[in-house]
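The values are calculated or read from the model by the stated rules, or taken from the named source; none is laboratory data. None of the values given here were measured: they were computed from a predicted structure. Using ideal geometry, Cβ is built from the backbone for each residue, glycine included, and neighbour counts are taken over all protein chains shown.
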Amino acid sequence: MGRAEAAAMIPGLALLWVAGLGDTAPNLPRLRLSFQELQARHGVRTFRLERTCCYEALLVDEERGRLFVGAENHVASLSLDNISKRAKKLAWPAPVEWREECNWAGKDIGTECMNFVKLLHTYNHTHLLACGTGAFHPTCAFVEVGHRLEEPMLQLDRRKLEDGKGKTPYDP
C-alpha cells in the first residue's frame, strides 16, 4: 500500500473511531427482577437433588427434550418442558477406597472426597461422556441415555470406566 492510499484511508478510519466513541453507554438490561419477583410473576420452577450440591456441568439435548446435569455424586436428566417432571437421577459416587485415600491425604471426606461431575458431552445418539473428579482420581464413563423421547433412560456401566486425567480436574 502506497502513501497516497494510506492517506486516503485516514478520514474513513477517523470516522469509524468517532462513531465508536459515541456508543459509550453501557448495555443495561431492560428489566430487572429479583429471584422472588421472577418466581411470583413467571412461575419459575426449581430443581434440587437431595444430599448433593455443586451443579457444575449442564448439557442441553434438544432432540430428546432433556437437560443433563452433573452434580456431586450424581448425573440427572430433566425434562426441558418442566424440570420437576420425569426427572431421572443416576448415583455415581467415588469408590470407598478412593474416598479413604483422599481422606488420608488430608482432604475432608465429607466435602472434598466425592465425585464431582464436571464434564458432560454428547458422545453419540445414545450415549453421553461424563467425567468426574472421583475423589482426586479423575474418571470418565459413558452414560446411556437411550433412543426414544417418550421414555428417558439414564444408565452407567461401572465396569467400563476410563481414566479422566486431562479431561477433568482432580479437585472439586
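Which pairs turn up if I take residues in segment 75-98 that are among the aromatic types (F, W, Y) and look for partners that are exposed (fewer than 15 other Cβ atoms within 10 Å of the Cβ) with beta carbon separation below 9 Å, at least 6 apart in sequence or on another chain?
W92/R158
Can you pull out the residues in segment 102-147 that are touching a residue at least 24 places away in the same chain (Cβ under 8 Å), closer than 30 Å to E63 by Cα and aliphatic (A, V, I, L, M)?
V117, L119, L120, L128, A130, A141, V143, V145
How many residues are within 12 Å of C140 (Cβ to Cβ) and not acidic (D, E) if we restrict to segment 159-172?
7
Going by what's in this entry, would K160 be described as among the charged types (D, E, K, R), in contact with a Phe, Trp or Tyr (Cβ under 7 Å, 6 or more places away or on another chain), under 28 Å from E63 (Cα atoms) and surrounded by fewer than 19 Cβ atoms within 10 Å (Cβ to Cβ)?
Yes.
Just wondering, is there one or more residues in segment 155-169 that are under 30 Å from D81 (Cα atoms) and among the aliphatic types (A, V, I, L, M)?
yes
So, of the residues in segment 82-92 that are at pLDDT 85 or above and more than 15 Å from K118 (Cβ to Cβ), which turns out to be surrounded by the fewest Cβ atoms within 10 Å (Cβ to Cβ)?
Step by step, filter segment 82-92, then rank; the result is A91.
Is there a residue being modelled with pLDDT of 70 or more, over 30 Å from V143 (Cβ atoms), acidic (D, E) and not in a loop (DSSP other than H, G, I, E, B) anywhere in segment 32-47?
Yes.
Considering (1) surrounded by fewer than 17 Cβ atoms within 10 Å (Cβ to Cβ); (2) closer than 13 Å to P172 by Cβ, say which one A57 fails and leave the rest.
Among (1) surrounded by fewer than 17 Cβ atoms within 10 Å (Cβ to Cβ); (2) closer than 13 Å to P172 by Cβ, A57 violates only (1).
Residues in segment 100-114: is at least one under 25 Å from L80 (Cβ atoms), touching a strand residue (DSSP E or B) at 6+ places or on another chain (Cβ under 9 Å) and buried (at least 19 other Cβ atoms within 10 Å of the Cβ)?
No, because not a single residue in segment 100-114 is under 25 Å from L80 (Cβ atoms), touching a strand residue (DSSP E or B) at 6+ places or on another chain (Cβ under 9 Å) and buried (at least 19 other Cβ atoms within 10 Å of the Cβ).
May I ask you to list the residues in segment 48-61 that are at pLDDT below 90 and within 16 Å of the chain's Cα centre (by Cα)?
R48, L49, T52, C53, C54, Y55, E56
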